[in-house]
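Below is one structure, written out as structure tokens; comments come after it.
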Amino acid sequence: LDGQTITRLRSFHHPLRAAVIGASGGIGRALAEALAGCDEVATVVACSRSPSGPEHAKVVRQPIDLEDEASIAEAAQAAPAYGELDLVIVATGVLHGRGLTPEKTWRAIEGAALARSFWINAIGPALVAKHFLPLLGGNRKTAFAALSARVGSITDNQLGGWYAYRASKAALNQLIRTLAIELARRNPEALCVGLHPGTVDTALSAPFQSGVPEGKLFTPAIAAARLLAVLDNLGPEDSGHLFAWDGEAIPF
Ligand SMILES: NC(=O)c1ccc[n+]([C@@H]2O[C@H](COP(=O)([O-])OP(=O)(O)OC[C@H]3O[C@@H](n4cnc5c(N)ncnc54)[C@H](OP(=O)(O)O)[C@@H]3O)[C@@H](O)[C@H]2O)c1
């Protein structure tokens, strides 16, 4: 797969309608662009806090701030104008920035930083699920996917550190599993999954790219194409799990 690969979403009902939350981010923008370039896709509802984002005839914009539930509800109220949704991808997240530095030791743990990470990485996606899951169509393959991270896997944690990010992504993983159970009762063909994009060249990973092995730092376009290919290949039995960019299931 390269950045030029044309995305196909053949396993979904089409014309397909998708929403990307966090369409101003490195990976979110690439996902929205890949979806807009996909023949099966009719509309991409691109929701973001910053006004920057993809420009395309199939893209409609909606403002959203994960720290303001009313804005999430408003974006969800606007989405049905474009038809039932088939795919919702939450591509928001935070690792560093305003009062937030990944902790190397327990001495660096700060309540405010933990709270902020939990809000953006776990509570925000949960509120998006609350307002957007009811917009997914029934009786066909649909998907709700949130970008999580391998470091949120409790089983996989051999290195330690990064308390706030790890713990907030672990909380997101538990939310995904719980949402998946409820969603399956409503539509047994629906998917609710976490996705690990690999290490991707975005503002989020920028300070931490020096140790990344050669060939393992993906462009956002490649990551987006791979993640959409993973979603296209998953079936209902995969719901409630976390998948990496190459389709590998990562244990929670
Ligand atoms: N890059 C990697 O190597 C990597 C690896 C593993 C997992 N991930 C995960 O992939 C996801 C996307 O990361 P990225 O690399 O694309 O990061 P990014 O370029 O920094 O994008 C982050 C996105 O989150 C949005 N966001 C943050 N706080 C928000 C809020 N309160 N309300 C609404 N939107 C908010 C940002 O919006 P603004 O534009 O308004 O700030 C931006 O769209 C994250 O969940 C991250 O944890 C990334």
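The values are calculated or read from the model by the stated rules, or taken from the named source; none is laboratory data. A quick note: this is a predicted structure, and the numbers were derived from the prediction, not measured. A quick note on method: Cβ atoms are made from the backbone with ideal geometry, for glycine too, and the neighbour counts reach across all protein chains shown. Note: accessible area is taken over every heavy atom of the protein model, side chains too, but ligands, DNA and RNA are not part of it. Shrake-Rupley method; radii C 1.70, N 1.55, O 1.52, S 1.80 Å.
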Task: Charge dipole magnitude, Cβ of K and R +1, D and E -1 - the range 1-145, Cα centre, debye nearest 20 - done: 240
- [ ] Which order do the peptides 114-122, 131-139 take when ranked by the mean count of other beta-carbon atoms within 10 Å per residue, highest first?
- [x] 114-122, 131-139
TODO: Report the charge-dipole magnitude of the range 124-252 in Debye, nearest 20, computed about the Cα centre from +1 at each Lys and Arg Cβ and -1 at each Asp and Glu Cβ.
DONE: 400
TODO: Classify the range 1-89 as rounded, prolate or oblate, taking a ≥ b ≥ c as the square roots of the eigenvalues of its Cα gyration tensor: rounded when a/c is under 1.5, otherwise prolate if a/b is larger than b/c and oblate if not.
DONE: oblate
Task: Size-normalised alpha-carbon gyration radius of the chain, reference 2.2 N^0.38 Å - done: 0.94
TODO: Calculate, for ALA70 and LEU217, the FRET efficiency according to 1/(1 + (r/R0)^6) with r their C-beta to C-beta distance and R0 45 Å; round to the nearest 0.05.
DONE: 0.75
Open item on the list: Whole-Hz ³J(HN,Hα) for each residue in the range 117-133, computed from phi via Karplus 6.51 cos²θ - 1.76 cosθ + 1.60 with θ = phi - 60°, x for glycine and proline: what do you get?
Closed with: 4, 5, 5, 6, 8, 10, 5, x, x, 5, 5, 4, 4, 3, 8, 9, 4
Open item on the list: Taking a ≥ b ≥ c as the square roots of the Cα gyration tensor eigenvalues, with a/c under 1.5 meaning rounded and otherwise prolate when a/b beats b/c, else oblate, which class fits the range 164-237?
Closed with: oblate
- [ ] Work from the charge dipole of the range 1-156 (Cβ charges, +1 for Lys and Arg, -1 for Asp and Glu, about the Cα centre) and give the residue of THR155, TRP106, ALA19 farthest towards its positive end.
- [x] THR155
Task: the chain, relative contact order [Cα under 8 Å, separation at least 6], % - done: 21
- [ ] Among LEU179, VAL60, ALA145, pick out the residue whose Cα is farthest towards the positive end of the charge dipole of the chain, where Lys and Arg carry +1 and Asp and Glu carry -1 on C-beta, about the Cα centre.
- [x] LEU179
TODO: Among PHE118, ALA129, VAL193, pick out the residue whose Cα is farthest towards the positive end of the charge dipole of the chain, where Lys and Arg carry +1 and Asp and Glu carry -1 on C-beta, about the Cα centre.
DONE: PHE118
Task: Under 18 Å from the Cα of LYS104 - aspartates and glutamates, other chains or at least 8 residues apart - done: ASP156
Open item on the list: Counting each pair of different Cα atoms once, what's the Kirkwood radius of the range 90-148 in Å, rounded to one decimal?
Closed with: 13.4
Task: Net charge contributed by nearby residues that have their C-beta within less than 14 Å of GLU55 (K/R +1, D/E -1) - done: +2
Open item on the list: If Rh is defined by the Kirkwood formula over all Cα pairs and Rg also comes from Cα, what ratio Rg/Rh do you get for the range 74-114?
Closed with: 1.29
Task: Calculated from backbone phi, Karplus (6.51, -1.76, 1.60) coupling profile of the range 27-40 in Hz, x at Gly/Pro - done: 6, x, 5, 5, 5, 5, 5, 5, 5, 5, x, 8, 4, 6
TODO: Quick one: dipole size for the chain, taken about the Cα centre, charges +1 on Lys/Arg Cβ and -1 on Asp/Glu Cβ, in debye to the nearest 20.
DONE: 300
- [ ] Within 10 Å, count the other beta carbons around each residue, average over each peptide in 31-42, 95-106, 209-220, and list them highest first.
- [x] 31-42, 95-106, 209-220
Open item on the list: What number comes out for accessible area per residue over the chain if the probe is 1.4 Å? Units Å², please.
Closed with: 46
Open item on the list: Counting only helical runs of four or more DSSP H residues, what would the 222 nm mean residue ellipticity of the chain come to if each run contributes -39,500 (n - 2.57) and the total is spread over all its residues?
Closed with: -9500 deg cm²/dmol
TODO: Determine the share of the range 1-135's accessible area contributed by carbon and sulfur atoms, expressed in whole percent, with a 1.4 angstrom probe.
DONE: 54
Open item on the list: So for the range 1-106, averaging the separation of alpha carbon pairs under 8 Å that are six or more residues apart and normalising by length, what relative contact order in percent results?
Closed with: 29
Open item on the list: Defining a contact as two alpha carbons under 8 Å apart and six or more residues distant in sequence, what relative contact order in percent does the range 131-252 show?
Closed with: 31
